[in-house]
Amino acid sequence: MDRGFPGHAKPHDFSGLEITPDQITLESSLSQDDDGKEIGQYGCVYRGYCWGTEVAVKIPKIQSLTPQQMEKFKTEVKIMSEISHPNICRFLGACVQMGKLRLVTELCTGGNVGTMLKKQLPMVRKLKIARDVVRGMIFLHQANFIHMDLKPENLLLDEHGVVKICDFGLSEIRAPDRMNPGRPKGTPLYMAPELMRGKPFNEKADVYSFGVLLWQILTQEPPYSNFHSWKPFVEAVCDNCVRPPVPPTWTLSLQALVTSCWSPEPSQRPPFIKINDSLLPIIIDYAIQDPLGHELWHRCFLGHAETGLKLIDEVDWNLFSTAFYQFLGMTPPPPLPQAFLYSMRDEPLPPNPSDEQLASASPQVLEDLFAQVNNQDLHLRLTQEFFRRESILSHQMLQKLLVLNEGKVTIERFGQILGLFGPLTREQNPPFFRKMKEIIPQPWFYGDLSKDEAFQLLRNKEPGTFLVRFSSNPLQIGFVISYVHPNKVVYHSRVFHTPGKPNAFAIESPDKGFAEYPNLSSLIYMNSYQLRVPCQNNPSPWTSFFRPSSMQAGGYVTDLNSIQAALKQNVM
C-alpha cells in the first residue's frame, strides 16, 4: 500500500534504515515539561512528518559514533524496525548520517503515563495500564531486548488510551547514567540495585523497574520521595533493601506481586509471563466486588493462551448473556415469535387462543382475559405468557444497562451494575432483577447522566424537582440524587448502596444524619430533602420501556408496544 506517501515514490524499504535528513520535517517539541523545559534524558522528541506521514522524531544527544558503534547501532535499528506489537511503539526507521542521527517512530497522541497519573484514575484503569506494559515487556524479552529505562515517561498512550512502550534498545546512543549527587530523580528511581552497583545484570533488571513503576501507577505517588540525596538513596535501596511502602489496603495477591518484582535477588523476581498470570486475576478482583459476579467472570472469561493467562475484558453481548444465564442456572428468555415483533393487537381473544395469539395480544387484552378465565389450562398458559414477557423485559433491561458501546459488555461496567443492583444470586427471579424492575421504571430514574447534564435539566425547575442517576465519579459506584433546593440551587447527594444488607440504601439527611432505607423509593420519599416532583423536562431514555398503569395509581407496568418497537429494530 502507498497510503501515507503522497507526492513521493514509496521508499524501497520504509521499515529499514535509510531515511535522509531532508525527508524529515520537524514540528513542535514533544519532550517539554509544563514549564517548557526539555526533559529528554537521551535526546529531544518532536512531532514531525516523514514521507507525508505524521510521526515522532527523536534526535539523540549523542551524534558521534565510532565505526564499530555505528554498525551496532544499525543492527539494533534493523531489529527494532521489525518488532510489531500492540503495546510497543512502532519503530519505522532512522537517519544514520553521522551528526544527523534521527529515529522515526509512530506518533502517539495521548501523552504519556507520567502525565496521565496526575489525574484521578480508578483502580481498574491503573491495573489495565500495568497489564499493557506487561504485554509489551513479554514481547520485548522474547525478542531478546532489555529495556533498561522502564518509567512512566517511556510509556506512551495512543488516541484510544492503549499503552505503547518506547525508548528500548539503541544502547550506543544512550549517555552513561551519571549518579547525580543531588536529589535522586528520573531513571535512577527505577534502576535495579545490581545496575546501581555496576554488577552483572539480565532481563530481571526490567522486572525490578516494573515493580517500582507498578507501585507508582497504583498509588499515583512518586517513588522514594523521602530521599533528598543520592548516596543515602543508593545505600537504602542496595544495602538495606528499602522499598516504597505497600498500602495495607491492597489485596494480598497484589501486595505479593509488587514485592516479588522488586526483590533484591534478581533470580527471585518473576518473569513477565508470570507477572501477567498474577496480574489478570487481580484485575477481576478490583473490577467486580460481587462474589458471584467475580466467579462468573473468572470462570468464563479468564483462560489460558500460548503466552499465559488471557483475560477477556470486553465481551460480545450474545456471548456474555449465554454465559450469564448458564452460570447462574437461569432459564434464558425464549425466542421471540414474529407475531410479538410485528403486531400487538387490542382485539378480544377467542375462547381458546393459540400461543401465537397470546403472544400478539396487547397487555390490556391479556389482563382482561386473565381476570375472566376459569379454564385451568388457559390460566396456566396465560401465566406462562406473563412470565415469558417478564423474562424478555428483564433481559432487555440487563442488556440496556450493560451494553454501552459496540455491543460489548466490559468488566468495569459489569462490576458497576452489580454494585448498583446486586447482589447476584442463583435464583430464577434473583433480587438483582427485582431491584432493576423496582428502580428502572420510576419516572425519576435517568441512569447514566453526568453532573453537568443533570444541572441543565434541573436549573430552571421548581424547588423539590429531582432525578436519580448513576454517579459519574469514576472512583465511586453508587446512585446520586440531583435536586432543586428550596433556595433554587441544584444540589447533588450521593446514595450509598451496600448489596445484601436489609437496609441497603443510605444517605446523609440534613436533619437525621446518616439514615438507611430498604429500597431507593423509600429513601427518596421518606428523607428530609423535600423531593416532590420527578424531573420530566426531557424524558428519561428508560421511559420507553414502561407506560403508566390505568389499573394501579402511581404504578408502572411493562409497555410491550415500546419494547416491541425496540426489539424490531434490533432484529431487522
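The values are calculated or read from the model by the stated rules, or taken from the named source; none is laboratory data. Owing to the predicted nature of the structure, the values given are computational and were not obtained by experimental measurement. Neighbour counts are summed over all protein chains in view; Cβ atoms, including those assigned to glycine, are modelled from backbone coordinates with ideal geometry.
Just a few scattered comments:
- Look at (1) in contact with a Lys or Arg (Cβ under 8 Å, 6 or more places away or on another chain); (2) in contact (Cβ under 8 Å) with a residue 60 or more places away in the chain; (3) part of a loop (DSSP other than H, G, I, E, B) and you find that Leu393 fails only one, number (3).
- Restricting Ser278, Ser263 to those that are part of a helix (DSSP H, G or I) and assigned by TED's automatic domain parsing to the domain that holds Val242 reduces the list to Ser278.
- Candidate set from the range 137-184 (those that are surrounded by 14 or more Cβ atoms within 10 Å (Cβ to Cβ) and of a type in the set (Asp, Glu)); member that is modelled with the lowest pLDDT: Glu172
- Only residues that are of a type in the set (S, T, N, Q) and under 15 Å from the mean Cα position of the chain (by Cα) were counted across the range 375-422, and they come to 3.
- Taking the listed residues Leu380, Leu401, the one that is of a type outside the set (Asp, Glu) and either crowded, with 20+ Cβ neighbours inside 10 Å or in contact (Cβ under 8 Å) with a residue 12 or more places away in the chain (or both) is Leu401, with no other qualifying.
- Filtered by the rule that a residue be in contact with a strand residue (DSSP E or B) (Cβ under 7 Å, 6 or more places away or on another chain) and part of a helix (DSSP H, G or I), the range 282-307 gives Ile283, Ile284, Phe301.
- Qualifying residue in the range 361-374 (condition: more than 27 Å from the chain's Cα centre (by Cα) and charged (D, E, K, R)): yes
- Inter-residue pairs, beta-carbon under 8 Å, first assigned by TED's automatic domain parsing to the domain that holds Thr187 and assigned to a strand (DSSP E or B) and in the range 43-66, second at pLDDT 80 or above and small (Gly, Ala, Ser), 6+ apart: none
- Restricting the range 52-78 to residues that are of a type in the set (A, V, I, L, M, F, W, C) and in contact with a strand residue (DSSP E or B) (Cβ under 9 Å, 6 or more places away or on another chain), the residue that is modelled with the lowest pLDDT: Phe73
- Every residue from the range 379-414 that is of a type in the set (A, V, I, L, M), closer than 17 Å to Asn352 by Cα and touching a Leu at 6+ places or on another chain (Cβ under 8 Å): Leu382
- Subset of the range 111-136 that is in contact with a Pro (Cβ under 7 Å, 6 or more places away or on another chain) and closer than 16 Å to Leu156 by Cβ - its residue that is surrounded by the fewest Cβ atoms within 10 Å (Cβ to Cβ): Gly114
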